[in-house]
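Read the structure below first, then the notes.
The values are calculated or read from the model by the stated rules, or taken from the named source; none is laboratory data. Here the structure is a predicted model, which means the values were calculated and not measured. For neighbour counting, all protein chains shown are included, and Cβ atoms are generated from backbone atoms with ideal geometry for every residue, glycine included.
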Amino acid sequence: MRPLIPITMFLVAAVGALAVGAEQSDDRAVIEKAVASYVEAFNRHDAKALAALWSPEGVYISRLSGEQVIGRESLEKEFDAQFKQIEGEKLEAETESLEFISPNVALEQGTATVTEPGAEPDTSSYSVVYVKREGKWLIDRISEEESLPPPPSHYEQLKDLEWMVGSWVDREGGDVVRTECEWTRNRNFLRRSFTVSIGGHIDLSGMQFVGWDPVRKQIRSWVFDSDGGFAEGVWSRDGDRWMVKTKATSPDGSIGSSTSILRPLDGASFSWQQVSRLINGELLPNIDEVVIVREEIQ
C-alpha cells in the first residue's frame, strides 16, 4: 500500500489551540468540533501543525519504515517526509463514537477516507486515544484497521435477470399466483417467493433461489414448495428469452422435467410458458403462454 500519514490520525481533533471547559460535555464538544480543524490541517499538508496536536510522548507507527516514531519533533519530520509523497489528496472524516475512559482520557472511533485524483478512495477504521494535558486534549496513541475488501458478489453474472425484481401477479384461469423477487445480501442470489391462491385461500407456497454456479459457469436455480416438492433448474439465454430446464421431484416421489420460457415484455410485464413436460417418462401437455404483470403496491 502506498505510504501515507496513518488515516486514523487524520480524524483526531486539533484540540491544542482550543480552550477546554471543566465539564465532560464541554470536552466532548471541543473534540467533536476540532475534527474539522484537523482535517483542514491535513489538507494543507501542514506537518508542523499536525505534530503539535500530539502529546510529547505520542507514538505513531510509520508507514514509510514500519517503525515507531515518538515525540513531536520526530513526528513532524515523519509527516513532512510523507507529505512530499502525496499530491492532491483530500481527507474526509466521520467520528462514530467518543467515549471518556476517565476525566483525562478519551477514546474516539470511526472511519476516515483519503482520496486522490484518478484513484479509488482509501478508507480505514480507526481508534485514537487522547490525553488531557494542561487543559488541552492531545493525541497519545492511534491504531487503525484497513477496510476489508468488498464481499464477493456474482451480480455481474446475474444482472441481466434484474428485471425480475419486484412484485408480480398472474390472475389468468381463476387462480392467483403472486411472486415477490428480491436480491439477497451482496447480490449473490435472487430470491423469489410465490403463493398460489384458489378461491381466495393460499393452496401452495414456495421459494426459489437463482444464483451463479462458479464451477459449472452457469446460472442455476433451486425451488422448494410447501407440499414437499423440490426442483433444480439451469438457466440460459436465447435472444430476449430465458430458458429454464428443470428437473423436479414431487412429494409422492414422482420425477419430472420441463422447460420454462420467460420473456420480459416491458418494465411492467413478462410472459411465461412451460414446454417439454414429463412426469415419470410420460409426456404432458404444454402450458400455454401467460402474461404476468407487475403488481402495484397500495
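One residue stands out in segment 142-156 among those that are touching a strand residue (DSSP E or B) at 6+ places or on another chain (Cβ under 6 Å) and surrounded by fewer than 17 Cβ atoms within 10 Å (Cβ to Cβ): the one that is farthest from P214 (Cα to Cα), namely S143.
Please enumerate the residues belonging to segment 196-239 that are over 22 Å from H154 (Cβ atoms) and among the acidic types (D, E). Listed by number, the residues that qualify are D203, D225, D227.
Of all residues in segment 157-176, those being surrounded by 15 or more Cβ atoms within 10 Å (Cβ to Cβ) and without any contact (Cβ under 8 Å) to a residue 24 or more places away in the chain number 1.
For D213, the requirement of being acidic (D, E), out of contact with any strand residue (DSSP E or B) (no Cβ under 8 Å at 6 or more places or on another chain) and free of Cβ contacts under 8 Å to residues at least 12 places away in the same chain is not met. Of the strands (runs of 3 or more DSSP E) lying entirely inside segment 257-298, the ones with 2 or more residues being touching a residue at least 12 places away in the same chain (Cβ under 8 Å) and either among the basic types (K, R) or in the same structural domain as W222 (by TED's automatic domain parsing) (or both) are found at 269-279, 287-294.
When the residues of segment 7-49 are filtered to those that are charged (D, E, K, R) and part of a helix (DSSP H, G or I), the one that is modelled with the lowest pLDDT is K33. For segment 155-169, does any single residue satisfy the condition of being among the basic types (K, R), at pLDDT 95 or above and in a strand (DSSP E or B)? Among the residues of segment 155-169, not one is among the basic types (K, R), at pLDDT 95 or above and in a strand (DSSP E or B), which makes the answer no.
Hey, which of the strands (runs of 3 or more DSSP E) in segment 60-122, taking only ones fully inside, have at least 3 residues that are within 29 Å of the chain's Cα centre (by Cα)?
Ranges flagged: 90-102, 105-115.
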